[in-house]
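Chemist: Starting off with a structure, shown below.
The values are calculated or read from the model by the stated rules, or taken from the named source; none is laboratory data. All values reported here derive from a predicted model rather than from experimental measurement. Here the Cβ is made from the backbone with ideal geometry for all residues, glycine too, and neighbour counts use every protein chain on show.
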Amino acid sequence: MPFVQRSESGLIVGRFENAQPGFAEEWLEDGDPALAPKPPSREVVNLARLRAYADPVNGSDRYIAEAYAERAAGNEDAAKKIDLEMVKRRDEIKAENPWSEESK
């Protein structure tokens, strides 16, 4: 159904119901693989992970400060427990923001 506009490198950068003379004249059938959504790039996934790690409420980085404070207070056992929570939350964030097969 769509007419598509392509970038100089051949990537589809626009979809239109009607032809756009001069820049979107190529017609693709609805099932054409070129129209399938692309998975997020490695860079996009990495940025999402970094934002999630840094979230002050639900992120993993907050545990670093908590563990540091416990160590400074001489509570190494408490700090180690907090370190484990940090690793657990980082793993959860990675699972929530997986690399696509194409970006591995």
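Chemist: Just checking, how many residues over the range 1-40 are out of contact with any strand residue (DSSP E or B) (no Cβ under 7 Å at 6 or more places or on another chain) and either part of a strand (DSSP E or B) or of a type in the set (D, E, K, R) (or both)?
Modeler: 6
Chemist: Something else: List every residue pair whose Cβ atoms lie under 8 Å apart, where the two residues are 6 or more positions apart in sequence or sit on different chains, the first residue falls within the range 4-18 and is among the aliphatic types (A, V, I, L, M), and the second residue, located anywhere, is loosely packed, with under 10 Cβ neighbours inside 10 Å and part of a loop (DSSP other than H, G, I, E, B).
Modeler: Qualifying pairs under 8 Å: 13/7.
Chemist: Here is a further query. Would it be correct to say that residue 28 is surrounded by 13 or more Cβ atoms within 10 Å (Cβ to Cβ), under 30 Å from residue 2 (Cβ atoms) and over 20 Å from the mean Cα position of the chain (by Cα)?
Modeler: Values: surrounded by 13 or more Cβ atoms within 10 Å (Cβ to Cβ): yes; under 30 Å from residue 2 (Cβ atoms): yes; over 20 Å from the mean Cα position of the chain (by Cα): yes.
Yes; evaluated as a whole, the condition is true for this residue.
Chemist: Can you tell me how many residues within the range 41-95 are in contact (Cβ under 8 Å) with a residue 40 or more places away in the chain and part of a helix (DSSP H, G or I)?
Modeler: Residues of the range 41-95 that are in contact (Cβ under 8 Å) with a residue 40 or more places away in the chain, as a first pass: 41-42, 45, 48-49, 52-53, 93-94.
Then drop every residue that is not part of a helix (DSSP H, G or I), which leaves 42, 45, 48-49, 52-53, 93-94.
Here the count works out to 8.
Chemist: Taking the range 33-45 only, how many residues are surrounded by fewer than 13 Cβ atoms within 10 Å (Cβ to Cβ) and not aliphatic (A, V, I, L, M)?
Modeler: Looking only at that region, the number is 4.
Chemist: Here's another thing I want to ask about it. Tell me, which residue of the range 31-80 that is among the acidic types (Asp, Glu) and within 29 Å of the chain's Cα centre (by Cα) is nearest to residue 12 (Cα to Cα)?
Modeler: 32
Chemist: Among the numbered conditions (1) modelled with pLDDT of 95 or more; (2) in contact with a Leu (Cβ under 7 Å, 6 or more places away or on another chain); (3) of a type outside the set (Asp, Glu), tell me where residue 50 comes up short.
Modeler: So the condition that residue 50 fails would be (2).
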